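Structure record follows, encoded as structure tokens.
Derivation of every value follows stated rules applied to the coordinates shown; laboratory data play no part. Everything quoted here is computed from the prediction, not taken from an experiment. Reconstructed Cβ throughout: ideal geometry from the backbone, glycine too, with neighbour counts over all protein chains shown.
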């Protein structure tokens, strides 16, 4: 198991803030919109440097999505900022008609996604957003895993033409990917090469997968860990290449098991190379109040649950092999 | 600099556009004639007189006045006016709502139809889009104007009022919002379905400069639109409450919500065309029109 260490923890939303500032410096057409959550979205630095390129919309997310779509017509590259819940479910039809169907170059940037929003509870903890957004034709869906990757992803989506959903979170988490990395949309990142099981992880679950990989190594299990930061378009080649070697899969995401990364991987497997798969995901329920760590444990989204899922899927794989 | 058409010219075009509308809706036996007929004079005035625009379509519309149709179900009038002002061949009107057509049931950019800059149909979204386009013009130093049309039943949508609060609050003063105030929506009159109350007072309270006009009087439409343009740049957006008759121009369709989304049969088409005498030419249909 390749060794990953970290010296610092930061929130992925701060990676977004840093990336937005950099994207704004590189391209004068980059503009930002926010629905009364500037501090939460870490947009202050951009606003300070480019006040005339920032639009405070107020608590009116539907209007924000429409204005963003309109701004693209004049050649702007708008980044909308609010919580993931209000970036998706609240404004799904606006995104569908005015952005996705109209093929507008809007970057929908969504913070406080998933259970790790914590104490605010289920009203704000959206666990369905990846599914909603990946179902929209033409939408690119990205869920980076740490500060550095989120910053790089933010810069990359500014240079990509087309609608993007960029999802990140609230809590501080280890920084373990390289500073100033190149982010290639749709290209999976090999975290650790292994032979026994493929763990495909996204967002905050990537670090948990690394912790799980270390525990599995002590148990003599050689896990391949791949970071799927781009849910759509999915890196099908990377998935199939890994599975050809390992013959079993665990997917890990901070999302409902319905409609998320796991289902995207399952579709690839069932059409190309059916092998056993286990899901580490929220089991079709809403969240609740609690600390992020408490919630991730209670809802089965931590390293321990990944280890269990690996053990189960390897038993299934071995049963298949024994039956041959 | 307005286009050099006389009011009589515009009236002539409007008659032809109304012929196009009823023929298009009849040919595919679906679509929305009522609101299309009511808004015909407005769209003709905008595209043939008031707006500075280029039928050699460019999505960014730099240096042009822009128009957004928020109530996308009145696509027949939009398509007819776009075709007749040169955005695409008039003959293409015969493909309205048919398979593999660029003239989808509701307007969309998806099939690349020149003149359309946003999809609309799901109501309430157009003012927001127009605001964005208007603010982009300001950032780009482009002094041209943005027009957006909504229905009045559409004002039931909450997003309308988000946008209505934003535009004056943020001084989007290169924006003209026109309300097709025909008093009708699908299930009945606006009073029956969702009373609008004192609409002028509501919009004024939000901070708009409000004008009113009879949307089926071409002289008044042109004069009011020119006035709206001249009022731009004063720190406030402009709203025109436009009284129209749903179905205007075809007597048996007028003033009733029943013709919101119903196509005429052969006999009704014949009756309608008898009331619309145009000196221009109809577009050709493959199907026989009796």
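Within segment A:28-54, residues that are more than 10 Å from residue A:82 (Cβ to Cβ) have Cβ atoms under 6 Å from residues that are in a loop (DSSP other than H, G, I, E, B) in these pairs: A:29/A:75; A:29/A:76; A:31/A:76; A:32/A:43, counting only partners at least 6 apart in sequence or on another chain.
Residue B:56 meets all of the listed conditions (1) more than 14 Å from chain A (Cβ to nearest Cβ); (2) closer than 23 Å to residue B:232 by Cα but one, namely (2). Pull up segment B:124-134, narrow it to residues that are more than 14 Å from the chain's Cα centre (by Cα) and part of a helix (DSSP H, G or I), then point me to the one that is farthest from the other protein chains (Cβ to nearest Cβ). Step by step, filter segment B:124-134, then rank; the result is B:134.
Yes or no, residue by residue, for (1) in contact with a strand residue (DSSP E or B) (Cβ under 9 Å, 6 or more places away or on another chain); (2) part of a loop (DSSP other than H, G, I, E, B); (3) within 14 Å of chain A (Cβ to nearest Cβ):
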{"position": "B:119", "(1), (2), (3)": "no, yes, yes"}
{"position": "B:122", "(1), (2), (3)": "no, yes, yes"}
{"position": "B:136", "(1), (2), (3)": "yes, no, yes"}
{"position": "B:147", "(1), (2), (3)": "yes, no, yes"}
{"position": "B:162", "(1), (2), (3)": "no, no, yes"}
{"position": "B:177", "(1), (2), (3)": "yes, no, yes"}
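Looking across segment A:88-115 at every residue that is under 24 Å from residue A:301 (Cα atoms) and in contact with a helix residue (DSSP H, G or I) (Cβ under 7 Å, 6 or more places away or on another chain), the one that is surrounded by the fewest Cβ atoms within 10 Å (Cβ to Cβ) is identified as A:89. Taken across segment A:229-251, residues that are surrounded by fewer than 18 Cβ atoms within 10 Å (Cβ to Cβ), assigned to a loop (DSSP other than H, G, I, E, B) and touching a strand residue (DSSP E or B) at 6+ places or on another chain (Cβ under 8 Å) do occur, with at least one present. So for segment A:149-158 (the condition being over 23 Å from residue A:205 (Cβ atoms) and within 14 Å of chain B (Cβ to nearest Cβ)), does at least one residue qualify? No: segment A:149-158 contains no residue that is over 23 Å from residue A:205 (Cβ atoms) and within 14 Å of chain B (Cβ to nearest Cβ). For segment B:200-209, the condition holds for at least one residue, the condition being that it is surrounded by fewer than 21 Cβ atoms within 10 Å (Cβ to Cβ), on the phi < 0 side of the Ramachandran plot and within 14 Å of chain A (Cβ to nearest Cβ). For segment B:232-251, the condition of being in a helix (DSSP H, G or I) and surrounded by 15 or more Cβ atoms within 10 Å (Cβ to Cβ) holds for none of the residues. For segment A:118-141, the candidate set comprises residues that are without any contact (Cβ under 8 Å) to a residue 60 or more places away in the chain and over 13 Å from the mean Cα position of the chain (by Cα); within that set, the residue that is nearest to residue A:17 (Cα to Cα) is A:124. For segment A:38-57, the set of residues classified as surrounded by fewer than 17 Cβ atoms within 10 Å (Cβ to Cβ), away from chain B (no Cβ under 14 Å) and closer than 24 Å to residue A:117 by Cα consists of A:39, A:40, A:44, A:45, listed by residue number.
From the residues in segment A:286-299 that are over 29 Å from residue A:246 (Cβ atoms) and touching a residue at least 24 places away in the same chain (Cβ under 8 Å), which one is surrounded by the fewest Cβ atoms within 10 Å (Cβ to Cβ)? For segment A:286-299, the residue satisfying everything is A:291.
One line per residue, one yes/no per condition, for (1) outside any loop (DSSP other than H, G, I, E, B); (2) closer than 19 Å to residue A:246 by Cβ; (3) within 18 Å of the chain's Cα centre (by Cα):
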{"residue": "A:177", "(1), (2), (3)": "no, no, yes"}
{"residue": "A:182", "(1), (2), (3)": "no, no, yes"}
{"residue": "A:185", "(1), (2), (3)": "no, no, yes"}
{"residue": "A:190", "(1), (2), (3)": "yes, yes, yes"}
{"residue": "A:200", "(1), (2), (3)": "yes, yes, yes"}
{"residue": "A:207", "(1), (2), (3)": "yes, no, yes"}
{"residue": "A:214", "(1), (2), (3)": "yes, yes, no"}
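Evaluating residue B:204 against the criteria (1) within 23 Å of residue B:44 (Cβ to Cβ); (2) not in a loop (DSSP other than H, G, I, E, B) leaves one unmet condition, (1).
Take the residues in segment A:58-94 that are in a helix (DSSP H, G or I) and touching a residue at least 60 places away in the same chain (Cβ under 8 Å), then tell me which one is farthest from the other protein chains (Cβ to nearest Cβ). Step by step, filter segment A:58-94, then rank; the result is A:84.
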